[in-house]
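Novice: My questions will all concern the structure given below.
The values are calculated or read from the model by the stated rules, or taken from the named source; none is laboratory data. Remember, it's a predicted structure, so these values are computed and weren't measured experimentally. Neighbour counts run over all protein chains shown; Cβ positions are idealised from the backbone, glycine included. Areas reflect the complete protein model, heavy atoms only, side chains present, ligands, DNA and RNA absent. Shrake-Rupley method; radii C 1.70, N 1.55, O 1.52, S 1.80 Å.
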Amino acid sequence: MNIFNKIQDFKSNSPTTVTLGTFDGVHLGHKKIIERLTQHSPDKHQSLVLTFFPHPRMVLQEKSDIKLLNTIEEKAELLEKAGLQNLIIHPFDQSFSQLSAEEFVKEILVNQFNVGKIIIGHDHRFGKNRSADIHDLIAFGQKYHFDVEQISAQEIDEVSISSTKIRNALQDGNIHLANEYLGYNYFLTGIIVKGKQLGRTIGFPTANLKIEEDYKLIPQNGVYVVKSFINEKEVFGMMNIGTNPTVGGQTQTIETNFLDFSDDLYDKKLKIELLHRIRSEEKFASLEALKEQISKDKIATQEYIKG
């Protein structure tokens, strides 16, 4: 897959079949659109997704505290797996938001992308103040000679999915529902760094995951069953997301105790998938009580993996 960091970097002599949107999560609803884009494009058309960063809400809503399901790198990985040929991640700013609907169509879709066909969801709006809809796009298609295909509400509603629903599920700790909507296991990607190494003192050494992107959504605090691929081997573990209140912690950490694994992971980049939530984070009366609970968590993790 070819990745471009702004619209102006992409130029095609052959026609393109285009879709556009934020595609946060690249969930099952998004995949219906991508599947249509990659599998039902006319012959000799290149498939192209135009997406944006920052998320438009980060720019247009002054107090937006939206967290995203994917980092830019994660989104690109998921779109490539879906079979996409070209991805443009365009910087979204106030200037871009002021483009009129026709300026966007003529200057970008037609002149820059050589659009032959555009595929959009049933409720897509575009242009300054999101003023244009599917009917305007069809009219522009007739004027500038490209086809417009709409994914019907019925098709999208068959899976009844939105990125907002997935964010809400993760913030509620409902990892099963989030994974069902996504069509894959929600995952966190980061570098393993040194923590306070408290886990070692109670017999449960942990890998401390540092995520650089502060906009990435971290699920509700608690203990989760997780898995990762380390040195091309599937490894399971239990992850604690929280502040470690038993020892007076104040800062959220993401720590994973991998089962049957003892290799040094410092400075390695890991992708860790969340499978199941065992319990909420708790403050225990002593380290001994915490150790006892973690032993129970380990048993629960092993039983989940067996099941």
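Novice: Taking the stated definitions as given, is Phe229 open to solvent by less than 60 Å² (accessible area, probe 1.4 Å), in contact (Cβ under 8 Å) with a residue 24 or more places away in the chain and out of contact with any Ser or Thr (no Cβ under 6 Å at 6 or more places or on another chain)?
Specialist: When the stated conditions are applied, Phe229 does not pass them.
Novice: Something else: Tell me, which residue of region 88-122 that is hydroxyl-bearing (Ser, Thr, Tyr) and assigned to a helix (DSSP H, G or I) is most open to solvent (accessible area, probe 1.4 Å)?
Specialist: Ser95
Novice: OK, next. Restricting attention to region 266-280, which residues are modelled with pLDDT under 95 and either among the aromatic types (Phe, Trp, Tyr) or in contact with a helix residue (DSSP H, G or I) (Cβ under 7 Å, 6 or more places away or on another chain) (or both)?
Specialist: Passing the criteria: only Tyr266.
Novice: Report every pair of residues separated by at least 6 positions or lying on different chains whose Cβ atoms are under 9 Å apart, first residue within region 123-150 and open to solvent by 80 Å² or more (accessible area, probe 1.4 Å), second basic (Lys, Arg) and outside any helix (DSSP H, G or I).
Specialist: If the second residue must be basic (Lys, Arg) and outside any helix (DSSP H, G or I), the pairs left are Asp147/Lys117.
Novice: If you don't mind, another one. Taking the condition of being under 26 Å from Glu74 (Cα atoms) and in a loop (DSSP other than H, G, I, E, B), how many residues in region 258-279 meet it?
Specialist: So the count comes out to 8.
Novice: Considering only residues of region 21-32 that are open to solvent by less than 20 Å² (accessible area, probe 1.4 Å) and of a type in the set (A, V, I, L, M, F, W, C), which is farthest from Arg57 (Cα to Cα)?
Specialist: Val26
Novice: Same structure again: So Glu255 clears everything in (1) in a loop (DSSP other than H, G, I, E, B); (2) over 17 Å from the mean Cα position of the chain (by Cα) except one condition, right? Which one?
Specialist: Condition not satisfied by Glu255: (1).
Novice: Scan region 35-50 for residues that are surrounded by 17 or more Cβ atoms within 10 Å (Cβ to Cβ) and touching an Asp or Glu at 6+ places or on another chain (Cβ under 9 Å) and jot them down.
Specialist: Arg36
Novice: If you don't mind, there's one more thing I want to ask. Examine region 15-31 for a residue that is basic (Lys, Arg) and under 16 Å from Ile118 (Cβ atoms), and state whether such a residue exists.
Specialist: no
Novice: So Leu69 passes all but one of these: (1) touching a Lys or Arg at 6+ places or on another chain (Cβ under 8 Å); (2) of a type outside the set (Phe, Trp, Tyr); (3) modelled with pLDDT under 90. Which condition number does it fail?
Specialist: It fails just one condition, (3).
Novice: Would you please list the contacts, defined by Cβ atoms under 6 Å and residues six or more apart or on different chains, that run from a residue in region 251-267 that is exposed (fewer than 12 other Cβ atoms within 10 Å of the Cβ) to a residue that is not in a loop (DSSP other than H, G, I, E, B)?
Specialist: Tyr266/Ile192
Novice: Name the single residue, out of those in region 217-226 being open to solvent by 10 Å² or more (accessible area, probe 1.4 Å) and not aliphatic (A, V, I, L, M), that is farthest from the chain's Cα centre (by Cα).
Specialist: Among those residues, the one meeting the criterion is Asn221.
Novice: For residues in region 280-307 being part of a helix (DSSP H, G or I) and in contact with a Gly (Cβ under 9 Å, 6 or more places away or on another chain), which is surrounded by the fewest Cβ atoms within 10 Å (Cβ to Cβ)?
Specialist: The qualifying residue surrounded by the fewest Cβ atoms within 10 Å (Cβ to Cβ) is Ser295.
Novice: Ok, one more. Do you know which of the residues in region 64-87 that are part of a loop (DSSP other than H, G, I, E, B) and under 8 Å from the mean Cα position of the chain (by Cα) is surrounded by the fewest Cβ atoms within 10 Å (Cβ to Cβ)?
Specialist: So, considering only residues that are part of a loop (DSSP other than H, G, I, E, B) and under 8 Å from the mean Cα position of the chain (by Cα), the one surrounded by the fewest Cβ atoms within 10 Å (Cβ to Cβ) is Thr71.
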